[in-house]
Amino acid sequence: MAIYELMGVRPVINARSYSTKLGGGPLSPAVLEAMREAACRSVRMDELQDAAGRAIAEATGAETGIVTSGASAALTLAAAACIAGSDVEKMNRLPDTAGMASEIVVHRSHRNDYDHALRAAGARLVEVGFSYFTHPYEVESAIGPNTVAVFYHAGGEGTVMPLAEYAAIAHQRGIPVIVDAAAELPPPENLRALVAAGGDLVAFSGGKHIGGPQASGILAGPRRLILSAALQHQDMDVFASTWPLKQLLADGTLAGPPHHGIGRGFKAGKEEIAGLVAALDLYGKRDFEAERRRWMAAMETITAAVSGAAGVTAEVQFPQPGGRTVPHAVLRVNRLAAGQSAVEVVNALQTGDPRIFVFEQGADRGMIRFMPECLGEGEEKIIAGRLREIFRLRG
């Protein structure tokens, strides 16, 4: 922790899961070593991304892939690839899509804050269905001459048609399917299942359950679309006569090298790419059942700590209400009986020593949630002790 002390920044205990605002979770020694080694030498980034694409293909079942600076960046690049394809003039204009086909069809119930990533590329979202259901004919009628893709939020399948059915409709029209799977691991099977179900461009977070660097993501998909995404992502300070990829000009794939594209501002460094590939390799070897047992024990330690506290009930939920196969501890605080509100408890945790951050959504309704994924060894006991102090319980 010397670097944080040097900078005057206090570390926190992260019981909020893979939260970007808390810097995500700790990295394994193998991932850190891969990043350290990558940092020591220069490399052609297109070759490094090609190598990463082979690792992504093996892990996901897609043709290839690229490493991005997070799942949000992957979604922007996916939209850009579907809009521009191999047309360098379109690449150079994005996010200006005036006069271009740029519509992406989306289930109304799948609209969320993160689809801004699609709109950032210049896409216009076309909503179909209602909040509770979407009929196949609605998707079919929404696809038109300006449709470049359909979008699917993998975490929202319960409210609409399955991905495989949605993808089949799109593929009948020759339209690719973009899938936001940023937080859909675990279960680990989703790494391959979403591609197998028809997802063409599937975005995963690298810094969540995969265990890669926080500023990393995966875009898995077909070669032609991944090539477009890569060209709009990588350094394009090149000249046609000396460009290592000049074969793309000779064979007519491109009219010329594009300029710096829509993705230039969120490039992935060689360190993130190497770390993500190392994490993917480890992912296929991890003991997920043992991991789940550790998580369950940690959450049970937290719920046991408040046993007997006036106005407080606690339980471990598994799976989570949204279906994620991760146990979490849920505390419900009755303000009158407990003498303090859930919001006050959250603030006490955040401002104490050590500072403890939890998933605070629902605190205004009396609910506090603790997540296990980013807890260090023994930190659940520190949380338990702090809760006993807050609720004035004997240890």
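Backbone geometry of region 233-250 corresponds, through the Karplus equation with coefficients 6.51, -1.76 and 1.60 at θ = phi - 60°, to 3J(HN,Hα) couplings of 10, 8, 5, 10, 7, 10, 10, 4, 6, 10, 5, x, 9, 5, 4, 5, 7, 5 Hz, x marking Gly and Pro.
Note on the chain: Lys pairs 8 or more places apart or on different chains, Cα atoms under 24 Å apart, count 13. Largest GNM mean-square fluctuation across Asp87, Asp237, Asp281, computed for the chain with C-alpha springs under 10 Å, falls on Asp237.
The loop-placed trypsin sites (Lys or Arg not before Pro) in region 103-144, going by DSSP, that have at most 16 neighbouring Cβ atoms within 10 Å of their Cβ come out as Arg111. The angle separating the long axis of helix 379-390 from the principal Cα axis of greatest extent in the chain is about 50 degrees. For the chain, excluding the exposed loop sites themselves (chymotrypsin sites (Phe, Trp or Tyr not before Pro), DSSP loop, at most 16 other Cβ atoms within 10 Å), the longest remaining stretch covers 240-395.
Across region 85-97, computed HN-Hα scalar couplings (Karplus, 6.51 cos²θ - 1.76 cosθ + 1.60, θ = phi - 60°) run x, 9, 8, 5, 5, 5, 4, 5, 8, 4, x, 6, 10 Hz from first to last residue, x flagging Gly and Pro.
Annotation note: GluC sites (Glu not before Pro) in region 112-150 located in DSSP loop regions with a Cβ neighbour count of at most 12 within 10 Å are absent.
Bear in mind these aren't lab numbers, they're just calculated from the coordinates by the rules spelled out. Because the structure is predicted, anything quoted here is derived from the model rather than measured. Here the Cβ is made from the backbone with ideal geometry for all residues, glycine too, and neighbour counts use every protein chain on show.
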